[in-house]
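Asks: The structure under discussion is supplied below as structure tokens; questions concerning it will follow.
The values are calculated or read from the model by the stated rules, or taken from the named source; none is laboratory data. In this text, all values refer to a predicted model and were calculated from it rather than measured experimentally. Every residue, glycine as well, gets a Cβ built from its backbone with ideal geometry; the counts of neighbours run over all protein chains shown. Ligands, DNA and RNA are excluded from the accessible area calculation, which covers all protein heavy atoms including side chains. Shrake-Rupley method; radii C 1.70, N 1.55, O 1.52, S 1.80 Å.
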Amino acid sequence: MNDEHFMRQALAEARKALDPKRSFTALEKKFNDGNRSNEVLLEYAIALQHFNRQKADSVGQLLIAQLKDQDLLTETGWRTIQQFTWSETDRLGAYFVQHRDAYAQKFGEEPVKKMHERLISSALYGLIRKKDSTAFFTRLAPWKQSPEQELQKKAFQLEAEYYLTSGNIAGFVKLTDSALEGPMKNDDMGLSFIARRSSYIAGKNKPVLEQAYKMAKRAAEINPEEYSNQSTYAKACQDMGYKEEALKAAEKTYQLALKETSKIQGLAQKLLDEIKAM
């Protein structure tokens, strides 16, 4: 059922892209001529995201303001929620959460599940910023205890962020040591992401940098041909002062960067030059 829905959606999007009436020029003309239908506003806002994010948001807000509750369970309403809703407390987010089962029945469980997880994740980041530990860990608990490994990984990343931003270094070390032996041990991209994030937040905090190094090294071991893994590993070695190890990783990073854009190649060369100068 979900596969059929995804296929229909993909075909519909492909047809839209080929339809001259839905081109950016056609949509802009409709908008400038005063057409404010829900469908035109949505298509125009989506098209604008490639050219003018500020105007895209402005057109999106026009759409949200005129959508009635009965519109929200239509295809246009669902796509509007997917495009513009990031909080479970705003009108569209609250409506979606309240009618989650109806959306799943109509549009498929998988995309609805992803949308709900996005709203929960946004709420958790908000609790991190507020430093509301009680509410944060209460809401995080279902993900930590979930049988789904992907939710466990998301919980790990959020909990790591909480410890880093709150300055709980002991909690961060304990969590990352546990994750390296548990749900994250074979997730190279997740480990690499947390290593980069922790290095960015850590400053010169040695215990955090040591954990970043462990995670980056493990990520590079899992998938040594991934550019981001090797660059993160090289930087983690540099932060720890491990020149020989850093140089080897930086040289590998540069070789991988040759398959990427000139900007990436420039960053890889800069990192290599810095490590050579250590």
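Asks: How many of the residues making up the stretch 118-132 are farther than 15 Å from residue 92 by Cα and open to solvent by 20 Å² or more (accessible area, probe 1.4 Å)?
Replies: Summing the residues that are farther than 15 Å from residue 92 by Cα and open to solvent by 20 Å² or more (accessible area, probe 1.4 Å) in the stretch 118-132 gives 7.
Okay, residues lined up against (1) of a type in the set (Val, Ile, Thr); (2) under 23 Å from the mean Cα position of the chain (by Cα); (3) part of a helix (DSSP H, G or I):
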| residue | (1), (2), (3) |
| --- | --- |
| 215 | no, yes, yes |
| 220 | no, yes, yes |
| 224 | no, yes, no |
| 230 | no, yes, yes |
| 244 | no, no, yes |
| 250 | no, no, yes |
| 266 | no, no, yes |
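Asks: Testing residue 172 on (1) at pLDDT below 95; (2) within 27 Å of residue 241 (Cβ to Cβ); (3) open to solvent by less than 50 Å² (accessible area, probe 1.4 Å); (4) out of contact with any Ser or Thr (no Cβ under 7 Å at 6 or more places or on another chain), one condition comes back false. Which one is that?
Replies: Going through (1) at pLDDT below 95; (2) within 27 Å of residue 241 (Cβ to Cβ); (3) open to solvent by less than 50 Å² (accessible area, probe 1.4 Å); (4) out of contact with any Ser or Thr (no Cβ under 7 Å at 6 or more places or on another chain) one by one, residue 172 breaks only (1).
Asks: So is residue 142 part of a helix (DSSP H, G or I), out of contact with any Pro (no Cβ under 8 Å at 6 or more places or on another chain), at negative phi and surrounded by fewer than 13 Cβ atoms within 10 Å (Cβ to Cβ) or not?
Replies: The answer is yes for residue 142.
Asks: Regarding the stretch 151-159, can at least one residue be identified that is open to solvent by 60 Å² or more (accessible area, probe 1.4 Å), basic (Lys, Arg) and either farther than 22 Å from residue 115 by Cβ or without any contact (Cβ under 8 Å) to a residue 60 or more places away in the chain (or both)?
Replies: yes
Asks: Something else now. Starting from residues that are outside any loop (DSSP other than H, G, I, E, B) and among the aliphatic types (A, V, I, L, M), keep the ones in the stretch 61-78 and report whichever is surrounded by the most Cβ atoms within 10 Å (Cβ to Cβ).
Replies: Going through the qualifying residues, I end up with 63.
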